[in-house]
Amino acid sequence: MNKLNFVFWGTPDVASETLEILKENGYIPSLIITALDKPQGRKMIITPPPVKVWAMENNVPYLQPESLPEAQLRGISPKLGFGEIKPDLSIVVAYGKIIPEDIINLPKLGSINIHYSLLPKYRGASPVESAILNGDTETGITIQKMEYKMDTGPIIVQEKVEIGDDEKAGELRKRLIKIGGELLVKILNTPTFLPFTKGEVPKAEGVFKLIPQDGSKASVCKKIKKEDGEIDLNDDSIKNYNKFRAYAVWPRTFFFKDGKRIIITDAKLENGEFKILKVIPEGGKEIDYK
């Protein structure tokens, strides 16, 4: 195992899958910080986040703080306080909360974040969905050195990724997670990783400078809500198809007929026309649309 002393911050599947890539390459965090258990499903069963499950399965200590002042992180556990670990680095992947500036800067190397767009484009909570919604043909991965403001930190490395014509958000996210994890491992594998705090980040094939983001080119994407999935069947076909692709995992696309919600489970774009193939009527099972 590699001996980098780091703290990992994350909550959903995208973060637990990144942890698995790190593990496969010999990197295990000294501590994991994740969100609280939450009620899920129709029965509102209290469920741990995927990152907590990963931590428990791999015997990695974890914290689930309700809030994030440094004093609280130091005192949550007498044995596992964030400050007591004195990490070299924090790695953040979809944690879900704003991390205070003093905690971002507490590790020797600060904190780095994997973001699933080509920053400064699509700063915010839904970069994968936003790229598909807007009909983009490419997106990418950015690993940035974190600042207090969301997704504004200088760029360490980026990689462009083409978006398939019919690719859905879940499929694209899977590819981006793998690429992002591999880029992260390349950075961590660099023996002279320490100099990046001085303005340069070594790469396997050389050294490159941290690149400040051009704020004038920034765009921001919002957190998705369930109601965002509603479709107007009379709307533009390409717009509706992109919305179906973007929201295929959650919240899914739907329309109302006779006051009942109809969820679209399969659709295609054929000769410029949005064609619905399968649906789930409210309270029913999946059926052919026709």
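The values are calculated or read from the model by the stated rules, or taken from the named source; none is laboratory data. Everything numeric here is computed off the predicted structure, so don't read it as measured data. Ideal geometry is used to build each Cβ from the backbone, glycine not excepted, and the neighbour counts take in all protein chains shown.
What the table below lists for this structure:
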quantity: Criterion violated by Ala267 - all others in (1) of a type outside the set (Phe, Trp, Tyr); (2) free of Cβ contacts under 8 Å to residues at least 40 places away in the same chain; (3) closer than 18 Å to Gly135 by Cα; (4) out of contact with any helix residue (DSSP H, G or I) (no Cβ under 9 Å at 6 or more places or on another chain) satisfied; calculated: (4)
quantity: Qualifying positions in the stretch 117-144 - over 22 Å from Thr253 (Cα atoms) and of a type outside the set (Gly, Ala, Ser); calculated: Leu118, Leu119, Pro120, Lys121, Arg123, Glu138, Thr139, Ile141, Thr142, Ile143, Gln144
quantity: Subset of the stretch 34-66 (residues that are in a strand (DSSP E or B), under 24 Å from Ile98 (Cβ atoms) and touching an Asp or Glu at 6+ places or on another chain (Cβ under 9 Å)); calculated: Thr47
quantity: Residue tally, condition surrounded by fewer than 24 Cβ atoms within 10 Å (Cβ to Cβ) and either outside the structural domain of Thr11 (by TED's automatic domain parsing) or in contact with an Asp or Glu (Cβ under 7 Å, 6 or more places away or on another chain) (or both), over the stretch 114-123; calculated: 2
quantity: Odd one out for Leu119 among (1) in a loop (DSSP other than H, G, I, E, B); (2) touching a Lys or Arg at 6+ places or on another chain (Cβ under 9 Å); calculated: (2)
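To keep it simple, each residue is scored yes or no on (1) over 30 Å from Gly229 (Cβ atoms); (2) assigned by TED's automatic domain parsing to the domain that holds Pro50; (3) buried (at least 20 other Cβ atoms within 10 Å of the Cβ); (4) of a type in the set (Asp, Glu).
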| site | (1), (2), (3), (4) |
| --- | --- |
| Asp88 | yes, yes, no, yes |
| Ile103 | yes, yes, yes, no |
| Gly110 | yes, yes, no, no |
| Ala131 | no, yes, yes, no |
| Gln144 | no, yes, yes, no |
